[in-house]
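Below is one structure; the comments refer to it alone.
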Amino acid sequence: IFVYRNKMWLLEQSDRIIPGDIISLSRETFESNENSTIPCDTLLLSGNCIVNEAMLTGESTPQVKESLVKEDTYINLLSQTAIEGNWKKNLVFSGTELIHNHNDSESYNNIPESPDKGAIGFVIHTAFRTSQGDLMRSILYAQEGVSASTIETFYLIGILVFFAFIASSLVLYYGLKDKNRNKFKLVLHCIMIITSVVPPELPMELSLAITNSLAALARDLIHCTEPHRIPYGGRITVTCFDKTGTLTRDILQLRGVESPQEFKDFTNDYTNIVNDKKSDSSNINDAIYSEKKGIVLPEECSSIVRCAMGSCHSVFVSRDKLSGDNMEIITLEESGFTIESSNTNKNNNNIYPTLFNKKLNIIITIVKRFPFNSTLKRMSVIVKLFHVSTNKVEYIMFIKGAPEVLQEKYTYIPSYYTNSYKSHMSHGKRVLSIGYKYITLQDIKN
């Protein structure tokens, strides 16, 4: 792997990489070594990478990793929580497979382009300090020591002590009736009954039971990373496994789109109505929306809905094949848009595709993409729309996410919005909400 040291690029073995190195992540170099696995946790400084994190997360969907923006360059690299939390989308983890990479045309901090033209990254962790190393350590060494200090142990001791008190009470009761009996020995005998009910070997016996359970699982090639949870196995009555792709198919089917019947599409009517100070909210809604149209196919939707479906996603082309989330791939295909090419956005150091729809005669260029965030439950893109027939250019921001979350973000929504998505969800359908906002080029620069 190429490492930048002493102001020059050197070819080094991956086991000689140390935290603090500047390295180049290139698919060509990895393929020449017949190994496309990332050897260390790397923070992307320049360029983009598409990686497969199935080794760590079990999720087969490739992930897009983007480089840090200039404002985030000065961060606390010693804070594990900050790096894996705020900059997780910029961090390439060890053990993941590099599918595709793209280098920026501009140099980063006067670092020249690497010989293999890879993405430039800063090494954060190596060996057992990486995410893959943590996984291996949890398999080889238990996170918590095997002990008998469990709630079930105290339940057992409580039951034994209860019967010991009953036994000692009977001995004391009948012993006091015998006037010839030594009272000191009688009390001592009662104390011995209570103290001897808990054998000193009990913690060792319980720990030995867990150890034997671990050995039995190991013989069946089952590695238990948390031995203290083995006793809970006796309580399990139902076990559920996520076996998508084995027991079920991971192919989704687009049932349709539910959009307003009369949609003010690519006109200034919407802006004029909103800017009209005499118009109240009800008039605005009436002018933009009409009664519910119901579920329709994408080709029956307005062009702006199809543009939102075709651009608000993280799908990319890898080896002449669409890769990404299955739901987004289906949505892109049904919208009628195709990914024509990729262009480099020099301002943001990111690579975005260009999409084209022959029927609508519209070319979409993604200016900026804000990837899906599981906490925010939404993603958004800023796109440049070019109408080939009229040579008209428009800038629009599209947003996609959970309907209940985006409901608070929309300025105007149809009256049937809430009841509609709740009805679809109750029938087991996966529902996404799409919104848009016209913006200007000056808004993007700001």
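Read-outs throughout are calculated quantities, based only on the coordinates presented, and are distinct from any laboratory measurement. Values in this document were obtained by computation on a predicted structure and should not be read as measured data. Neighbour counts run over all protein chains shown; Cβ positions are idealised from the backbone, glycine included.
Values as computed for the structure displayed
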read-out	value
Pairwise label distance in nanometres, Val431 with Leu188, each label 7 Å out on the Cα-Cβ vector	7.9 nm
Contour minus Cα-Cα distance for Asn326 and Leu172 (0.36 nm per residue)	48.0 nm
Per-peptide average of other Cβ atoms within 10 Å, ordering 327-336, 185-194 highest first	327-336, 185-194
Interchain or long-range residues, amide H under 5 Å from Ile295's placed H	none
Highest to lowest packing among 96-104, 369-377, scored as the average C-beta count within 10 Å	96-104, 369-377
Filter on Lys358/Lys409; Lys89/Lys409; Lys358/Lys400 - keep pairs with C-alpha separation over 30 Å	Lys358/Lys409
